[in-house]
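Some notes on the structure that comes next.
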Amino acid sequence: MTTIKKSIQVTVNGERLNREVEPRTHLVDFLRENVGLKGSHLGCEHGVCGACTVRLNGQIVRGCLVLAVQADGGSVDTVEGLSRQGVLADLQKAFLKHNALQCGFCTPGMLMAAADVVQHNPRANRQQVREAISSNYCRCTGYHAIVDAICSVLAKRAQEVA
């Protein structure tokens, strides 16, 4: 039996890629298996947990609900793209400082959701931060430390602007 493949062009973390994929391949599987980026995790495969959260064309999406062929011609940012030149991004440092991670399974998706908050709502209060990350499931931390970490980054950035 012949497997049908489709050629796609996608920019991942700033790098333009040309790949052949089966039309049924989910974006998170494409990133993990075809691109070698293991940061995005595959949890529920139903779009509920948020472990596979990535940014597609500037919008946060669940990588398990988007097919790789739907990203053709687009731009994908993953948790690996949050750091620049091997230096941890401020959100990653804040997660470490505030102990906002334990098992680490949800962390990549949570960081992507947090980055979206910081980018699109730089004046978010604690309640708005909680709402923004509420679609990402974490079984370990209870969210308090995660909200603390995100709010600390928002506060630091607000001071730098002032």
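Coordinate-derived values only; no laboratory data. What you see is a predicted model, and the numbers here were worked out from it, not measured in a lab. Cβ placement follows ideal geometry from the backbone for every residue including glycine, while neighbour counts extend to all protein chains displayed.
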(Q) Along the Cα→Cβ direction, 7 angstrom out, place labels at Glu45 and Lys156. What is the inter-label distance in nm? (A) 3.8 nm
**Q.** Relative contact order of the chain, defined on C-alpha pairs under 8 angstrom at six or more residues apart (%)
**A.** 22 percent
Q. Once phi is turned into θ = phi - 60°, what whole-Hz ³J(HN,Hα) does the Karplus curve with 6.51, -1.76 and 1.60 give for every residue of segment 41-54, x standing for Gly and Pro?
A. 9, 9, x, 8, 6, 10, x, 9, 7, x, 5, 9, 4, 9
Q | Within a Gaussian network of the chain (alpha carbon springs, distance under 10 Å), most fluctuating of Thr53, Thr107, Thr11 | A | Thr11
Q. Which whole DSSP H helices in the chain pass both tests: a Cα extent of 24 Å or more along the axis and a mean Kyte-Doolittle value no lower than -0.5?
A. 144-161
(Q) Which of the three applies to segment 13-81, rounded, prolate or oblate, going by the alpha-carbon gyration tensor with a ≥ b ≥ c and a/c under 1.5 meaning rounded? (A) rounded
Q) Is segment 1-51 best put as rounded, prolate or oblate by its Cα gyration tensor, with a ≥ b ≥ c the root eigenvalues, rounded for a/c under 1.5, and otherwise prolate when a/b is larger than b/c, oblate when not? A) oblate
Q) Which shape class applies to the chain: rounded if a/c is under 1.5, otherwise prolate when a/b exceeds b/c and oblate if not, where a ≥ b ≥ c are the square roots of the Cα gyration tensor eigenvalues? A) prolate
Q | Cut-off of 10 Å, at most 15 other beta carbons, DSSP loop: longest stretch of the chain lacking such trypsin sites (Lys or Arg not before Pro) | A | 39-122
(Q) Between segment 57-100 and segment 9-28, how far is it from one alpha carbon centroid to the other, in angstrom? (A) 15 Å
Q | Amide H partners (placed H, <5 Å) of Lys6, local residues excluded | A | Val21, Glu22
**Q.** Proximal lysines relative to Lys6, as straight alpha-carbon distance under 24 Å, when same-chain residues fewer than 8 apart are discounted
**A.** Lys38
(Q) Given contacts defined as C-alpha pairs under 8 Å and at least six residues apart, what's the relative contact order of segment 90-161, whole-number percent? (A) 48 percent
**Q.** Modelled FRET efficiency - R0 30 Å, Leu96 with Arg139, Cβ distances, 0.05 increments
**A.** 0.95
